[in-house]
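First up is the structure itself, then whatever we jot down about it.
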Amino acid sequence: MPSGVITIRNESGFHIRPAQLFTEKAATYQSTILLQPEGHSAQIDGKSILGLMTLGLTKGTVLRITTEGPDEAEALDTLIKLVESGFGEI
């Protein structure tokens, strides 16, 4: 079950567009994808746009992404790169 830690870089954080891009990309993988912001005990389903939106993730939030399943390594790498890209906003 690989995981990685990333800092949200885009100015607006996970507003509707980045959340949609993230969940659409996450849904292309068979693996389970969980997100956990630093300081939170709960993990959120990375394929749930509602779950992402309720976290209120802003610029500078440190986020752990954990994947588990047949394509877990590829899913983790792709999703980390997506967040690092600032969702095309930076």
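The values are calculated or read from the model by the stated rules, or taken from the named source; none is laboratory data. Predicted model, so just to flag it, every value in this text is computed and none were measured. Cβ placement follows ideal geometry from the backbone for every residue including glycine, while neighbour counts extend to all protein chains displayed. These accessible areas exclude ligands, DNA and RNA; they are computed on the full protein's heavy atoms, side chains included. Shrake-Rupley method; radii C 1.70, N 1.55, O 1.52, S 1.80 Å.
Name the residues in region 42-58 that are closer than 19 Å to residue 10 by Cα, of a type outside the set (Gly, Ala, Ser) and surrounded by 15 or more Cβ atoms within 10 Å (Cβ to Cβ), would you?
Those that are closer than 19 Å to residue 10 by Cα, of a type outside the set (Gly, Ala, Ser) and surrounded by 15 or more Cβ atoms within 10 Å (Cβ to Cβ): 49, 52, 53, 55, 57.
Go through (1) open to solvent by 70 Å² or more (accessible area, probe 1.4 Å); (2) assigned to a loop (DSSP other than H, G, I, E, B); (3) at pLDDT 95 or above and name the single condition residue 39 misses.
The number of the failed condition is (3).
Please specify each residue of region 60-83 satisfying the condition of being over 15 Å from residue 24 (Cα atoms), buried (at least 18 other Cβ atoms within 10 Å of the Cβ), under 10 Å from the mean Cα position of the chain (by Cα) and not β-branched (Val, Ile, Thr).
Correct list: 63 only.
Looking only at residues that are outside any loop (DSSP other than H, G, I, E, B) and polar (S, T, N, Q) in region 42-66, which one is farthest from residue 20 (Cα to Cα)?
Checked region 42-66; the qualifying residue farthest from residue 20 (Cα to Cα) is 66.
Given the options 17, 9, name the one that is within 19 Å of residue 90 (Cα to Cα), in a helix (DSSP H, G or I) and touching a residue at least 12 places away in the same chain (Cβ under 8 Å).
17
Tally up the residues in region 22-36 that are of a type in the set (Ser, Thr, Tyr) and either open to solvent by 20 Å² or more (accessible area, probe 1.4 Å) or on the phi > 0 side of the Ramachandran plot (or both), please.
Counting residues in region 22-36 that are of a type in the set (Ser, Thr, Tyr) and either open to solvent by 20 Å² or more (accessible area, probe 1.4 Å) or on the phi > 0 side of the Ramachandran plot (or both) gives 3.
Among all residue pairs at least 6 apart or on different chains, which show Cβ distances below 6 Å where the first residue, located in region 56-76, is on the phi > 0 side of the Ramachandran plot and the second is surrounded by fewer than 18 Cβ atoms within 10 Å (Cβ to Cβ)?
69/30; 69/32
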